[in-house]
Amino acid sequence: DGLVLPTEVLDHEAVRALERSASNIVGLANDILTVEKEMKKGEVNNTVLVLMHEHELTLEEATTRAIELHNDEMRAFARAAASLPKFDAAVEPQLRRYVDVLIAFISGHRDWAHQTNRYRAVNLPIREDEGDEILG
């Protein structure tokens, strides 16, 4: 996108936290959407499956907990994006655009997941409305 951010901005803990949060959101969404497929394949590297195993939960309980984690992370992302520190005035528009890119990363995954046959939605109510105000 032609973004140019100084190293001190990219390395700032607040910006790094925002990046981690965006990655966590996509990772959690991916695990929620693929859990049934991964169970059938015998895979175990999935947050829902780990929650089932570690906390002795049913699939429904573990999926609900993963959805809660996802929604918590969405709220954390929104708070972090709203409270980024101020940098040089010349940097601010680029940083705001970078936040938009991270939002596009999250919403792009969501959109792709709904449009592709790679994912089969879990037969549980995923409250996507909680993230809509963030993702638009």
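Just to be sure I understand the rule: take each whole DSSP H helix in the chain, project its Cα atoms onto its long axis, keep it if the span is 24 Å or more and its mean Kyte-Doolittle hydropathy is at least -0.5. Which ones pass? Can you show the working numbers first?
Working: long enough: 13-41 (39 Å, -0.20); 59-82 (34 Å, -0.40); 92-115 (34 Å, -0.46).
Membrane-span-like by this rule: 13-41, 59-82, 92-115.
Could you check the spin-label model distance between Arg16 and Arg75? Points 7 Å from the Cα along Cα→Cβ, value in nm.
2.6 nm
For the pair Val50 and Ser23, how long in nm is the line joining their label points, each one 7 Å along Cα→Cβ?
Each label point lies 7 Å from its Cα, and together they span 1.3 nm.
Could you list the square roots of 5 times each eigenvalue of the Cα gyration tensor of the chain, that is, the equivalent ellipsoid semi-axes, sorted largest first and rounded to whole Å? Could the numbers behind the result be given before it?
Values: eigenvalues 202, 45, 34 Å².
Calculated on Cα positions only, the semi-axes equal 32, 15, 13 Å.
If I model a spin label at Glu61 and Glu8 as a point 7 Å from the Cα along the Cα→Cβ vector, what separation in nanometres do I get?
With each label placed 7 Å out from Cα toward Cβ, I get 5.1 nm.
Once fully extended, how much extra length lies between Arg96 and Ser83, figured as 0.36 nm per residue of separation less the alpha-carbon to alpha-carbon distance? Let's see the in-between values first.
On the way: separation 13, 0.36 × 13 = 4.68 nm, distance 1.16 nm.
Gain on extension, Arg96 to Ser83, equals 3.5 nm.
What ranking, highest mean first, results for peptides 81-94, 58-71, 101-114 when packing means the other Cβ atoms within 10 Å averaged over each residue? Display every interim value, and only then the final one.
Working: 81-94: 12.1, 58-71: 18.2, 101-114: 15.6.
Put in order of decreasing packing, that is 58-71, 101-114, 81-94.
Let me check against my output: what whole-number percent is the relative contact order of the chain, with C-alpha pairs under 8 Å and at least 6 apart? Before the final figure, lay out each step's value.
Working: 108 pairs, mean separation 49.3, N = 136.
Relative contact order comes out at 36 percent.
FYI, it's all coordinate maths here, none of it is from the lab. Please read all numbers here as calculations on a predicted model, not as lab measurements. Every residue, glycine among them, receives a Cβ derived from its backbone with ideal geometry; neighbour counts consider all protein chains shown.
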